[in-house]
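Below: the structure, in structure tokens.
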Amino acid sequence: MLLIIGIVGVINAQVYTQTPTSAETHFEQALANGQLANESFRRCHRYLVGWLGKADSTTGLIPRNLTQSKCFWNAYDAAADNYPFMVMTASMLDKPLFEGKMREMLATEIRLTSRIDRLPDTYSFCKKGFLNDHIDSSQVIFGSAEYMKDGLIPLTEWLGQSPWSERMLGILTDLDKQVDVPTQIKGDFYGKSAVVEVGGDLLQVLARMYWMTRNPQWLRWGIQIGDYYLSDAYLPTRSTERLRLRDHGCEIVSGLVEMYAVVAVVNPAKKQQWQPYIHEMLNTILDKGRNEHGLFYDEINPVTGQVIEARLADNFGYTLNAFYTVYMIDKISAFREATLKTLNALYPYYRNHNWESGSADGYADAIEGALNLYLREPVASVKDWIDSEIKVLWNYQKPDGIIEGWHGDGNFARTSLMYALWKTAGVRVSDWQSDVHLGASIAKNALYVTVYSEKGWKGKLLFGEQYHVNHLHMPVDYPRINQFQEWFAIEPQKTYRISIGKNTQTVKGKTLLEGWDVVLKPNETLRLICQK
């Protein structure tokens, strides 16, 4: 455990180590970042309002998409990928919607869609009941796993304990009654890949819920699934002739590594048992699953090395999260080098790349992955790549706020919020309004913040926190899918110096986390420095 924390301290320090420059330069950068953050936030709010305008008039739930699936809400698409990021957007930008409509939608979803105990099934607005007359338990299990991993986990990382975390723990508790190791999932949603996807989903959920609750039930279940796959018979790179390295397949790689990170702390004997299999799995993927720039193919035969689908996976960052986590734990330099190889290739070779055959969702996932890894390895060209590609993603949005009119629109908001919080170093405002420009720039142990409003604004600056500690009680911030990055995390018991002009005062981090009061006159700009 001490080893892991030591490595993280060194890695995260790199984020803040820059060439010393004047305060004026940093404030200018903060102003420029504020413009980008403002555009990102405004686009996310338009997305939220746009999709609320498409909600079913009776139930208030949003449809799966705006074409052939307008008549139903389902767990593994609408609930997993779109609705949660409406909630997240509202939590940051629209308190009335967050406290009102978003909670109402959750209550309605629980009331109308719970079918096997608390496990959700597809609800038809047209039938005013379940879409399927008979229960397809495989689809219910798949939908439950997807809803938790893709939607409720990131909400819980962001919000901490909330009605949404309660919903997730309820689903997880009842799912434990239905499935142990998910090897019998059937259905035509994603074919055989649904089996490993559910296994990977559950491992990620169980790892984080174990950290959050320390409930031994989640550890036992996670080890049970891990023991199945990390074995001679079922290791994913030995036991199948088709391994997807994009979503709907790559989840098993990340999931096994997340549970490996848990046992590395709480069960060293199990960690030693699993280690050779984890290393073999990752080394096989490196040897057989990448192109010349270190990007992963969509699908390979891990046994023969045949590339089944040569399209490049937009989810490269999700898989590299696993490599980087094992590098942090076991100091395997090749796994860090794999991450650096990909990051260094993005700007020269993959600007405006045709991710996921031109889908906005492909850009959203690729940018998220790059942001997450950039936090750990701040390769300068990656910043330029992210700034370039976010504009491509934004160009997908229509004037009414809708992006492409399907559940993947939620990932547009997820990544845009992450991008905005990068530009503010995690700082946000308590009462958002569309003309507020909040930006930040980091230099060593100092945070330079600017806030500007054309109309004037009154509220609190809410500084970024250690979400992995405060909400999930994790001992280390290893990279993981859908986490919200900690760019300048304030620790409640530490002391910070706040300077505004010539006035400087010393405050506890707890004060900054509770909110720093600000009153801006029209066209006034606040310039604040926070020093560790």
### Summary
When the stretch 487-505 is checked residue by residue, the ones that are within 17 Å of Val518 (Cα to Cα) and either open to solvent by less than 90 Å² (accessible area, probe 1.4 Å) or of a type in the set (A, V, I, L, M, F, W, C) (or both) are Ile498, Ser499, Ile500, Gly501, Thr504
### Query
Can you find a residue in the stretch 508-516 that is basic (Lys, Arg) and over 31 Å from the mean Cα position of the chain (by Cα)?
no
#### Entry: Some residue of the stretch 402-421 being over 22 Å from the mean Cα position of the chain (by Cα) and surrounded by fewer than 21 Cβ atoms within 10 Å (Cβ to Cβ)
no
### Task
Look at the stretch 325-354 and say how many of its residues are in contact (Cβ under 8 Å) with a residue 40 or more places away in the chain, under 18 Å from Arg246 (Cβ atoms) and either among the aliphatic types (A, V, I, L, M) or in contact with an Asp or Glu (Cβ under 9 Å, 6 or more places away or on another chain) (or both).
4
### Query
Do you know which residues across the stretch 156-175 are out of contact with any Phe, Trp or Tyr (no Cβ under 9 Å at 6 or more places or on another chain) and among the aromatic types (Phe, Trp, Tyr)?
Trp164
### Number of the condition not met by His468 [criteria: (1) more than 27 Å from Asn321 (Cβ to Cβ); (2) within 30 Å of the chain's Cα centre (by Cα)]
(1)
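Which members of the stretch 450-486 meet the condition of being of a type in the set (Lys, Arg) and surrounded by fewer than 23 Cβ atoms within 10 Å (Cβ to Cβ)?
Selection gives Lys455, Lys458, Lys460.
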### Query
Is at least one residue of the stretch 404-419 in a strand (DSSP E or B), farther than 25 Å from Glu486 by Cβ, in contact (Cβ under 8 Å) with a residue 24 or more places away in the chain and among the small types (Gly, Ala, Ser)?
no
### Message
For a quick check of your reading of the model, give me the residue pairs whose first member lies in the stretch 461-479 and is over 13 Å from Met328 (Cβ atoms), whose second is part of a helix (DSSP H, G or I) and open to solvent by 10 Å² or more (accessible area, probe 1.4 Å), with beta-carbon atoms closer than 7 Å and at least 6 apart or on different chains.
### Response
Phe463/Leu513; Glu465/Leu513; Tyr467/Trp158; Leu472/Met212; His473/Met212
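Out of the residues in the stretch 230-254 meeting the condition of being assigned to a loop (DSSP other than H, G, I, E, B) and small (Gly, Ala, Ser), tell me which one is most open to solvent (accessible area, probe 1.4 Å).
In this case the residue turns out to be Ala233.
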### Message
Looking only at the stretch 21-41, how many residues end up being under 20 Å from Gly501 (Cα atoms), assigned to a helix (DSSP H, G or I) and of a type in the set (Ser, Thr, Tyr)?
### Response
1
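Per-residue answers, yes or no, for (1) within 21 Å of the chain's Cα centre (by Cα); (2) of a type in the set (Ser, Thr, Tyr):
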{"position": "Glu251", "(1), (2)": "yes, no"}
{"position": "Ser254", "(1), (2)": "yes, yes"}
{"position": "Tyr260", "(1), (2)": "yes, yes"}
{"position": "Val263", "(1), (2)": "no, no"}
{"position": "Asn301", "(1), (2)": "no, no"}
{"position": "Ile308", "(1), (2)": "no, no"}
{"position": "Tyr347", "(1), (2)": "no, yes"}
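The values are calculated or read from the model by the stated rules, or taken from the named source; none is laboratory data. Quick caveat, the model's predicted, so the values are computed rather than measured. Cβ sites come from the backbone with ideal geometry, for glycine too, and all protein chains shown count toward neighbours. Quick note on the areas: whole protein, heavy atoms, side chains included, nothing else; ligands and nucleic acids left out. Shrake-Rupley method; radii C 1.70, N 1.55, O 1.52, S 1.80 Å.
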